[in-house]
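One structure is given below, encoded as structure tokens.
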Amino acid sequence: MIEHVLIALALALGLGGGYLLARSRLWRRREAEPVHRILLPFTGTAISRRAVDAALRLARAEHAELMPAYLAQVPMRLPLECAIPREAGRAMAMLETIEQRATAQGVPVDARIERGRSYRHALARLLEGERVDRVVVPAGSSNGAEGLSGDDLVWLLEKAPAEVVILRPAADDAVGPLAAISG
């Protein structure tokens, strides 16, 4: 009813009623449907297949976008925004594999590479600059998988402005370069 009054008023004033209606519906839809984004931060050239699968299941169930993010450490002797071609090469291979897996399952992807002086610093920068609803993070394990330290995970639980899911790879989780998440 109010929309009809607004349209009539807009038409009487010479404004485009169609534009006002479309803008009103768009505004309501934005308020009713929050953007859902699931962050999947990782380090190194390996990631737990189970962590990727869990993030994809959540993304499908919530109609969310998956944001895989490679956390790159930049040494103090270098400027934070310097070129890191070796790290970028490692990151791109993993990000592409994750994106292919997500695309095959119908999950939209918005990949990132975030730099920091430490993994925690890179993660803090990422959380400051991006809105996320969930964080699915693979923890490091005793079988050699790279991941965030226990201290970093505690920090994440205390500081993240989102729900956090920490997954520890099982002993039989296939963790390794690229093969970790294929198949």
*For the range 72-81, state whether one or more residues are closer than 21 Å to residue 166 by Cα and surrounded by 18 or more Cβ atoms within 10 Å (Cβ to Cβ).*
yes
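Inside the range 90-112, can you point out the residues that are among the acidic types (Asp, Glu) and free of Cβ contacts under 8 Å to residues at least 24 places away in the same chain?
First, pick out the residues of the range 90-112 that are among the acidic types (Asp, Glu): 96, 99, 110.
If the condition is that a residue be among the acidic types (Asp, Glu) and free of Cβ contacts under 8 Å to residues at least 24 places away in the same chain, then 96 is the only one that fits.
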_Out of everything in the range 60-72 that is in contact with a Lys or Arg (Cβ under 9 Å, 6 or more places away or on another chain) and of a type outside the set (Asp, Glu), what residue ends up being farthest from residue 103 (Cα to Cα)?_
72
*Can we say residue 81 is modelled with pLDDT under 95, assigned to a loop (DSSP other than H, G, I, E, B) and in contact with a strand residue (DSSP E or B) (Cβ under 8 Å, 6 or more places away or on another chain)?*
yes
*asked:* Give me the strands (runs of 3 or more DSSP E) completely within the range 97-168, filtered to those with at least 3 residues that are among the acidic types (Asp, Glu), on the phi < 0 side of the Ramachandran plot and buried (at least 16 other Cβ atoms within 10 Å of the Cβ), ordered by residue number.
replied: none
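Pull up the range 35-71, narrow it to residues that are assigned to a loop (DSSP other than H, G, I, E, B) and in contact with an Asp or Glu (Cβ under 6 Å, 6 or more places away or on another chain), then point me to the one that is surrounded by the fewest Cβ atoms within 10 Å (Cβ to Cβ).
So in the range 35-71, the residues assigned to a loop (DSSP other than H, G, I, E, B) come out as 35-36, 43-45, 47-48, 63-64.
Subsequent filtering for residues that are in contact with an Asp or Glu (Cβ under 6 Å, 6 or more places away or on another chain) retains 36, 43-44, 48.
Working: 36: 15, 43: 24, 44: 17, 48: 25.
Ranking the candidates gives 36 first.
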*Starting from the range 77-89, keep only residues that are assigned by TED's automatic domain parsing to the domain that holds residue 125, then list their pairs with residues that are hydrophobic (A, V, I, L, M, F, W, C) and in a loop (DSSP other than H, G, I, E, B) whose Cβ atoms are within a distance under 7 Å, requiring at least 6 positions of separation or different chains.*
80/74; 82/74; 84/74
_I'm trying to understand the selection: among the residues of the range 58-75, which are over 14 Å from the mean Cα position of the chain (by Cα) and either modelled with pLDDT of 95 or more or under 17 Å from residue 123 (Cα atoms) (or both)?_
72, 73, 74, 75
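The values are calculated or read from the model by the stated rules, or taken from the named source; none is laboratory data. This one's a predicted model, so the numbers in the text were calculated from it and none came from an experiment. Reconstructed Cβ throughout: ideal geometry from the backbone, glycine too, with neighbour counts over all protein chains shown.
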